[in-house]
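Here, each number is a calculation from the coordinates, and none is a lab measurement. It should be emphasised that the depicted structure is a prediction, and the values quoted were computed from it without experimental measurement. Here the Cβ is made from the backbone with ideal geometry for all residues, glycine too, and neighbour counts use every protein chain on show.
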Amino acid sequence: MNPNTPSLTKIDVRRQSRVIQLNYDNGEEHSVSFELLRVYSPSAEVKGHGPGQEVLQTGKHNILIDSLESIGNYAVRLFFSDGHDSGIYSWDYLYDLACNKETHWQDYLSRVEAAGLKHAQSASAKANVVEIFTPNKSE
């Protein structure tokens, strides 16, 4: 474990908002979306077995975490609603995801776009705009 990673004191799975809340012994609190956790799973299924073997995960915007299991004193295994359960999230890895979630998220969206795909939430957010009204200020 990285000595700069604070000790995790609590993981709260918030199904309604689809985030996990991470509390640390230094007072830090972070939330990480289920989707980010799923698309950045540290499993071989997602990361591959070496550089260039990563598998882009898509269609995970409605993913849920069904349960979790402690792995010794260093990690947690997450059980997702799509059946994925092979990722072991070390405390260091979780802390990195939490502290750098905006960077990881933008990287993910860039990879989705580079693959010629659209992220479902981005597409549905645009679809929900019925009309944009701009009042005429000259009247």
- Message: I'd like the Karplus ³J(HN,Hα) series for segment 31-48: coefficients 6.51, -1.76, 1.60, θ = phi - 60°, whole numbers in Hz, and an x wherever there's a Gly or Pro.
- Response: 10, 10, 5, 4, 4, 4, 4, 6, 6, 10, 4, x, 6, 5, 4, 9, 7, x
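Segment 49-81: which chymotrypsin sites (Phe, Trp or Tyr not before Pro) are DSSP loop and have at most 16 other beta-carbon atoms within 10 angstrom? Could the numbers behind the result be given before it?
Values: sites: Y74, F79, F80; in loops: Y74.
Here the chymotrypsin sites (Phe, Trp or Tyr not before Pro) that fit, given the DSSP loop and packing criteria, are Y74.
Which trypsin sites (Lys or Arg not before Pro) in segment 1-87 sit in a loop by DSSP (not H, G, I, E or B) and have at most 12 other Cβ atoms within 10 Å of their own Cβ?
R15
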- Query: GNM on the chain, C-alpha springs below 10 Å: top fluctuator among V13, V39, V112?
  - Reply: V112
- If we count other beta carbons within 10 Å of each Cβ, what is the order of S67, S43, fewest first? S67, S43
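What dipole magnitude, in Debye to the nearest 20, does the chain give about its Cα centre under +1 on Lys/Arg Cβ and -1 on Asp/Glu Cβ?
Dipole size: approximately 280 debye.
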- Amide H partners (placed H, <5 Å) of T9, local residues excluded: N23, Y24, D25
- Options [x] 1.25; [y] 1.04; [z] 1.15 for Cα Rg over 2.2 N^0.38 Å; the value derived from the coordinates is listed as [x]
- Item | Top of Q57, Q16, Q106 by mean-square fluctuation, Gaussian network on the chain, Cα under 10 Å | Q16
